[in-house]
Amino acid sequence: MLSLALFASASATLMNVLSAPHRPLDLIVPPVMCALFAGLLIALLRRPRWLLTIARIALLASGAALIMPTWFYTAQAIMTSGLQLVTTLPPISALLLVLIVMVMIFFPGRQAIGMALLAWILVGGPVLLYLFGHPGEMWTPRGRALVMTYGPAAVMLVVLLPILRGMSGTIERLVSDRVWMEALINQDPLTGIHNRRVGEQILRDCLTKQAGAGLIMFDLDRFKAINDTYGHIIGDQVLTVVADRCKQLLRADACVSRWGGEEFLAVIPGADITGVCRLAERLREAIANAPIGPVPSVTASFGVTMLAPGDTLAIAVERADRRLYESKQRGRNCVVSTAALSAGAQPTPATPLDGGR
């Protein structure tokens, strides 16, 4: 806006210098506005936080720059016999419409409407009153153009822009409601991570695109004993903290979802088996190495596999679940992968609370 205003005022300055006869007001206002807009543009580039203040200063100055010549030339035409306003008024009528639009953008609600009406009264009012009192000038081509610009066109802008602003507000609320609804549909309400629906969708996308991805399925060890010993509120806290720790370790394109109860599934696109196993071990350590509330030890068992050609969602999940079951059989609190089974690796188990899975 400032760049365009600077260009317009510089152009007006040049045209007034080259035109004849030279009128003093036309040689003063455009150069002053040109300097002001240049200064505001520099201030905006150096202090972007002043955006709203700079915009309002520019609009108020623009309003003054329109009001001043309007009143001056209208008074001059009234007091000077034989002088017509349609021949002396500078070509500034369209700038009133631009000013009204900018006021609606940069001023809030009712203040914007009040400012727009005030600008219309102070800029358009004197010209319309003069033309209605001088029908001969009003019916000239320039007179009719001024009446249309300062009359119906300006009034339509003042009336329609608040409606458009209200529609924009309604659209923003609808978008916000949609984001909120999507969060309700896609998020697990307890942990705040993705729910099973999203996890399945992301896994299906990887299978459809035949993109390499690793699966990490993990389950908290003996979670029923935690609920029985400390209560379900602490159990919910354990699930929330575990989900948060896992989310912090995953990269942006990975997804961890609550698969059900105390079971979670992470989908890691574009990773190899070594990287996925390393990540699973980091997740295991993040869960096991710090107590959660009053629970001194929380551990989880991990099953790791890679998507293979021809996999379906059920086959891939079943294979990860088998690895998870093998981890439970080997003593819990360990990582078992498809590669580890084929190589005969023996993970080191740790024994947490007794009872439950």
Among the stretch 174-206, those whose backbone N falls under 18 Å of a label point 7 Å along Cα→Cβ from residue 240 are 184, 187-195
If R0 = 45 Å, then residue 144 and residue 177, at their Cβ-Cβ distance, give a FRET efficiency to the nearest 0.05 of 0.40
Candidates for Kirkwood radius over Cα pairs in Å are [x] 26.6; [y] 20.9; [z] 21.6, and the calculated one carries label [x]
Output ordering of 269-280, 327-338, 43-54 (per-residue mean of other Cβ within 10 Å, highest first) is 327-338, 269-280, 43-54
For residue 98, the accessible surface traced by a 1.4 Å probe with all protein chains present amounts, in square angstrom to the nearest 10, to 80 Å²
Counting only backbone N atoms under 17 Å from a point 7 Å out along Cα-to-Cβ of residue 45, the residues of the stretch 2-21 in range are 2-8, 10
Expected unfolding gain across residue 121-residue 196 under the 0.36 nm per residue rule, minus the alpha-carbon gap, is 20.9 nm
Between the modelled labels at residue 129 and residue 184 (7 Å from Cα along Cα→Cβ) the distance in nm is 5.6 nm
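Which order do you get for 236, 253 if you rank them by accessible area with a 1.4 Å probe, largest at the top?
From most exposed to least exposed: 253, 236.
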In nanometres, the difference between 0.36 nm per residue of separation and the alpha-carbon distance of residue 272 and residue 18 is 84.1 nm
Given unit charges at Cβ for Lys, Arg (+) and Asp, Glu (-), the dipole magnitude of the chain about its Cα centre in debye, nearest 20, is 560 debye
Residue 205 and residue 38 label points (each 7 Å along its Cα→Cβ direction) are spaced in nm at 5.2 nm
Given a Förster distance of 25 Å, the FRET efficiency implied by the Cβ-Cβ spacing of residue 312 and residue 288, rounded to the nearest 0.05, works out to 0.15
Residue separation between residue 230 and residue 155 times 0.36 nm, minus their alpha-carbon distance, gives in nm 20.1 nm
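The values are calculated or read from the model by the stated rules, or taken from the named source; none is laboratory data. The structure displayed is predicted, hence computed values, not measured ones. Using ideal geometry, Cβ is built from the backbone for each residue, glycine included, and neighbour counts are taken over all protein chains shown. Surface areas here come from the heavy atoms of the whole protein model, side chains and all, with no ligands, DNA or RNA. Shrake-Rupley method; radii C 1.70, N 1.55, O 1.52, S 1.80 Å.
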